[in-house]
C-alpha cells in the first residue's frame, strides 16, 4: 500500500487554470500578459543597468531600488512560463516537483520583496529623521549585510513549505484555480492532514509580511511626526514627495498580497474570480509599476535614463 501511495505521489500532476469559460480567446488574452512581461523585464533591467553604470547613483536609495528590481525580475521569470504556457499553448499540466519548485520561488521572492520594502522604508526614515548621519549609518557594507539578512530570513522561513507539502499524498482532483502554484492552493489538494502546513504557512506570513508591514507603518508614523514639525509647508511637501514612490510600491504589493491571503483562507467558491484577479495583480503589477513609478518620480534616475536613450 505504501508503495502504491509513493507511486501515485510521484506520478501526480497538477492542472493549472486560465480564465474559465474564456478558452476560445486565450490567445487574445495572452497579448496583454506578454506586454506586461516585456515592460516589466525591460523596465527593471534598464533600472539595474543605469544604476550599475552611473557612479552618481551608487547611493543607498538607489542600491535598495536595484535590490527591488532584481526581486521583481525574479518574480516575472518564475511566473512567466506557466502563465504564458496556458494562454499561448494551452499547456496546463505541471509536474508536482516543478509545482513545488515554482511555489517555493514565488513565496521566497515575495518575502524578499517585502523585506526590501522594509529596508527602503528604513532608508526614508533615516534620510528624513536623521539626515546628518544618513551616510554614516547606511554604508555600502551595512546595506549588503541588511540585504543578506533579508534573503537568509526569507529562505529560512519559506524552505519548510515545500518540504511539508512533499510529505503529503495527493489523490484528489488536482485542478488549481491559478495559472501558477502557490502554497495555499497546493496544500488543499492533499488527502492528508494539512493542519501543520496550514498553521506554519499562517505563522510564516505573519512573521514576514505582517511584521514588515507593521514596521513600515511605524516608520511612516515617525516620518510624519518629523515632517509635521517643519515650519514651512513647502518644505514639508517637498520632503513627503520623496516618499511617494515607496508608498506606491508598498500599496501595490501589500494590498493584493493581504487580499489574496484572506480570500484563500476565508473565501468560498463565489470568490474564485476575485482570487484570480488578486493573484494576477499580486504577481504581475508590482514588477510592472515599480520601475515606472521610480523612473517618473526620481529626477536623477529619470535624467540618466533619458540621457542613455538619447545617446
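Quick notes on this one:
- Candidates in region 215-237 are the residues that are closer than 16 Å to residue 127 by Cβ and touching a residue at least 12 places away in the same chain (Cβ under 8 Å); of these, the one that is surrounded by the fewest Cβ atoms within 10 Å (Cβ to Cβ) is 222.
- Given (1) surrounded by fewer than 20 Cβ atoms within 10 Å (Cβ to Cβ); (2) closer than 19 Å to residue 251 by Cα; (3) within 12 Å of the chain's Cα centre (by Cα), number of the condition residue 74 does not satisfy: (2)
- Search result, residues across region 20-63 that are within 30 Å of residue 310 (Cβ to Cβ), touching a helix residue (DSSP H, G or I) at 6+ places or on another chain (Cβ under 8 Å) and outside any helix (DSSP H, G or I): 54, 58
- Subset of region 186-206 (residues that are in contact (Cβ under 8 Å) with a residue 40 or more places away in the chain, over 16 Å from the mean Cα position of the chain (by Cα) and assigned to a helix (DSSP H, G or I)): 186, 200, 201, 202
- Screening region 99-118 for residues that are free of Cβ contacts under 8 Å to residues at least 60 places away in the same chain and surrounded by fewer than 23 Cβ atoms within 10 Å (Cβ to Cβ) and picking the one that is nearest to residue 167 (Cα to Cα) gives 104.
- Which numbered condition residue 118 fails, given (1) closer than 20 Å to residue 15 by Cα; (2) part of a helix (DSSP H, G or I): (1)
- The one condition in (1) farther than 27 Å from residue 243 by Cβ; (2) at pLDDT 90 or above that residue 91 fails to fulfil: (2)
- Of the residues making up region 1-19, those that are out of contact with any helix residue (DSSP H, G or I) (no Cβ under 8 Å at 6 or more places or on another chain) and either assigned to a loop (DSSP other than H, G, I, E, B) or modelled with pLDDT of 50 or more (or both) number 3.
The values are calculated or read from the model by the stated rules, or taken from the named source; none is laboratory data. Everything numeric here is computed off the predicted structure, so don't read it as measured data. Heads up, the Cβs are rebuilt from the backbone with ideal geometry, glycines too, and the neighbour counts pull from every protein chain shown.
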